[in-house]
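Note sheet for the following structure.
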Amino acid sequence: MRDLYVVLWKEVREIVRDRRTLLSIVLTPIATLPLLGVALVYLPALQEVLVAVVDEDSSEGSIGNFTISSQLVSRFVQRYLTAWGFVVTEEVEAAQVILRIPAGFIANLTSFEHQASVVLVKKLGSPRADQAVAYVEFLLNYVSRLVSEAKVLVLGELAGQDVRAEAVLNPISLRTVVLVPTGALAGPGEELRLHLARLLAVGLALVTTPAASYIADSLIGEKERRTLEKLLSTPISRSSFILGKSLAASLVGLVGGASSVAGAVFLYLVPALTRPTDVIAYLSPDIPAILFLSSYASILASLSISLPVVLVSPSIRAASISSASVIGLASVIYLSTLFINLDELRMPMSLLLAVPYASIASAVLRVSLGEPLRAVGYLAYSLAFSVALILASTRLLNPERMIASRA
Amino acid sequence: MEWVVGLPDPVAVRVTDLRKSFGKTEVLRGVSFEVAAGEVFGVVGPNGAGKTTLLRIVAGLLRPTSGEVRVLGYSIPREIRRVGRHVSYLPEEANLYSRLTGLENLRLFAMAYADRRDVDEVVKLGIAIAGLPGEDLNRRAGTYSKGMSRRILVAAALMVRPRLAILDEPTAGLDVLSAKYVRDVVRRFSRELNTTVLLSSHNMFEVSKVCDRVALIHSGRILALGRVDEILAEVGAEDLEEAFAKLVSGGGVSA
């Protein structure tokens, strides 16, 4: 214990006085988490997409009392697209999405024998254009529905039958009920909350980056700065040397975790930029808590994975490669949480959950889905994994290898 | 302070037929010598002679390929933990922790060796050995000149009252005055603290000033071993440089 205290005493003083590294660990999540939110939530809404609506029909028709014209359809589509932030243009060549209403559209639309058709042209290359196409399809479905209802009423009259359009057009009523995994009814903002939690999981990679570099530097830096040999020659035990450095790195983890929470608050403010949102409702206390613990666990995982590599091949190059590999592995796993729930994969891919980063990311998602116990289980596994690996690594410290190896 | 009592061997360092290879390169080729308790013993030779490897093995940092090393009677590196608190080592290119002050560097090594209640006393001795004014000791070591850093490092090696201090090129790269200070400190405090000193140097003048006995080493072999005056008489040379040159071109000698 005395040896451990000595190493920790030194490490803490060095950390506190290494302002640049501390600042990067504090500022990276605070600056980048909101930026991530801006990039993935806010900026797509600002991307300009030109939409043109070409009316080649310019006619009007009616079904019973219901009158409709191609100009009306065209204006309806244009008005809503404008309201949703798309740019409606007259310049067809420049447009990325073109809705062409061909001649004969209204005649077919009001007919009982023919189907009206429109052409929707999309130029590849813009994700926002995909959104415009989805919106146009939604608007045309709405028009189609109005026309169908009018036709049903006319046909009912002709048949002398009382008709309710809904009963004809939608004989099966479908009501979707959204539940959280525990079975409770999901609130209106639950999906956004989950989406933000996925972004937070991605953000964990940002916490891992400076920490992984710190850990590699903490070991190899001693060699570089020519302090290692003297320290290894003292009576300080090898396990205390490794554990002291690991504990110090844990302190860095705590700082990184705290700044992640601060960054997350800013991230949660991002949706409010695009539409009025009750931010506080999504930022329940469990989210900062899990984020803090996850950041800490993520940093500890990076330490435990880097440690054996650095100890077995203690060159500067090996340390850089191991730190870059750890960052890469963490980033890929955290990024994948945008698209999949890692803890719902089938064998053999479910083994991926054995990687601490996967269980940490799953913990963040489970908390946002109202399953704190599962989250605690995942975090406990990750911490146990890291501690076991760190303890096992203490046996790998070989002064001869550390001193004699070259960059 | 706690002292080693009842040591099984009055000889501080006993090296027997020591060999060390790194891959196919044999750095030490059957080195044997003894250092008596309280003696200042110098290992002298040119760069690449194997001095640092020899000292690292005695300090327990490297494993011998073959042969035996006993320090304070214990086999090294197997029993290093039994003598760890009584052996201090100053590597050739050691640096201080640049973000810690000079005083904190001394305290760090004092804490590593001494019991908690003795730390202040050990640091006080370290300050005396380093001979630096208080304002310098309270500055970060990153701002120190090489001479100041070396004073603190030598002080850190001696202040813990080791039974054996291993100093690898303690004056390398120092200006004349700093080198003299270090030499004087080693000589004075090794006597006052009753510390055996095993030091290496490529400076023949230095070892003849500081050491009771020397081993001239070249290409991993000891060419001559004994008191400087004995070696000079045996080889028929005016100084150690000349003796070394003669020995390299001829055979070895043991005085």
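Going through the range B:150-186 one residue at a time, which ones are more than 14 Å from every other protein chain (Cβ to nearest Cβ), surrounded by fewer than 23 Cβ atoms within 10 Å (Cβ to Cβ) and part of a loop (DSSP other than H, G, I, E, B)? Residues satisfying the conditions are B:Leu174, B:Asp175.
State yes or no: is A:Glu224 surrounded by fewer than 19 Cβ atoms within 10 Å (Cβ to Cβ), within 13 Å of another protein chain (Cβ to nearest Cβ) and of a type in the set (Asp, Glu)? When the stated conditions are applied, A:Glu224 passes them.
Where strands (runs of 3 or more DSSP E) fall wholly inside the range A:1-96, the ranges with 2 or more residues that are under 30 Å from A:Leu158 (Cα atoms) and in the same structural domain as A:Tyr142 (by TED's automatic domain parsing) are A:60-63, A:66-69.
Matching residues to (1) under 24 Å from B:Val35 (Cα atoms); (2) free of Cβ contacts under 8 Å to residues at least 40 places away in the same chain:
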{"position": "B:Asp118", "(1), (2)": "no, no"}
{"position": "B:Leu137", "(1), (2)": "no, yes"}
{"position": "B:Tyr144", "(1), (2)": "no, no"}
{"position": "B:Ile152", "(1), (2)": "no, no"}
{"position": "B:Val160", "(1), (2)": "yes, no"}
{"position": "B:Val176", "(1), (2)": "no, yes"}
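Restricted to the range B:26-144, the set of strands (runs of 3 or more DSSP E) holding at least 1 residues that are more than 20 Å from A:Leu231 (Cβ to Cβ) comprises B:40-44, B:66-71.
For B:Val248, the conditions (1) closer than 24 Å to B:Arg183 by Cα; (2) touching a residue at least 24 places away in the same chain (Cβ under 8 Å) are fulfilled apart from (1).
Quickly run through the range A:151-186 and pick out the residues that are in a loop (DSSP other than H, G, I, E, B) and under 30 Å from A:Ser368 (Cα atoms).
Selection gives A:Leu174, A:Arg175, A:Thr176, A:Val177, A:Val178, A:Val180, A:Pro181, A:Thr182, A:Gly183, A:Ala184, A:Ala186.
Where helices (runs of 4 or more DSSP H) fall entirely within the range A:209-319, those with at least 3 residues that are within 26 Å of the chain's Cα centre (by Cα), at pLDDT 75 or above and not charged (D, E, K, R) are at A:238-269, A:286-312.
Any residue that is in a helix (DSSP H, G or I), within 30 Å of A:Ala39 (Cα to Cα) and modelled with pLDDT of 90 or more - is there at least one of those in the range A:138-150? Checked the range A:138-150: at least one residue is in a helix (DSSP H, G or I), within 30 Å of A:Ala39 (Cα to Cα) and modelled with pLDDT of 90 or more. Scanning the range A:235-253 for residues that are within 14 Å of chain B (Cβ to nearest Cβ) and either among the aromatic types (Phe, Trp, Tyr) or touching a Ser or Thr at 6+ places or on another chain (Cβ under 8 Å) (or both) gives A:Arg238, A:Ser239, A:Phe241, A:Lys245, A:Ala248.
In this structure, does B:Gly73 turn out to be more than 7 Å from every other protein chain (Cβ to nearest Cβ) and at positive phi? Yes; evaluated as a whole, the condition is true for this residue.
One residue stands out in the range A:187-205 among those that are small (Gly, Ala, Ser) and either in a helix (DSSP H, G or I) or in contact with a Gly (Cβ under 6 Å, 6 or more places away or on another chain) (or both): the one that is nearest to A:Arg145 (Cα to Cα), namely A:Ala197.
For the range A:349-407, a residue qualifies if it is under 30 Å from B:Ile76 (Cβ atoms) and assigned to a loop (DSSP other than H, G, I, E, B), and the qualifying residues are A:Leu397, A:Asn398, A:Ser405, A:Arg406, A:Ala407.
Has the range A:46-68 got at least one residue that is buried (at least 16 other Cβ atoms within 10 Å of the Cβ) and within 14 Å of chain B (Cβ to nearest Cβ)? Checked against the condition, which is being buried (at least 16 other Cβ atoms within 10 Å of the Cβ) and within 14 Å of chain B (Cβ to nearest Cβ), the range A:46-68 yields no hits at all.
The values are calculated or read from the model by the stated rules, or taken from the named source; none is laboratory data. Everything numeric in this text was worked out from a predicted model, so none of it was measured. Neighbour counts are summed over all protein chains in view; Cβ atoms, including those assigned to glycine, are modelled from backbone coordinates with ideal geometry.
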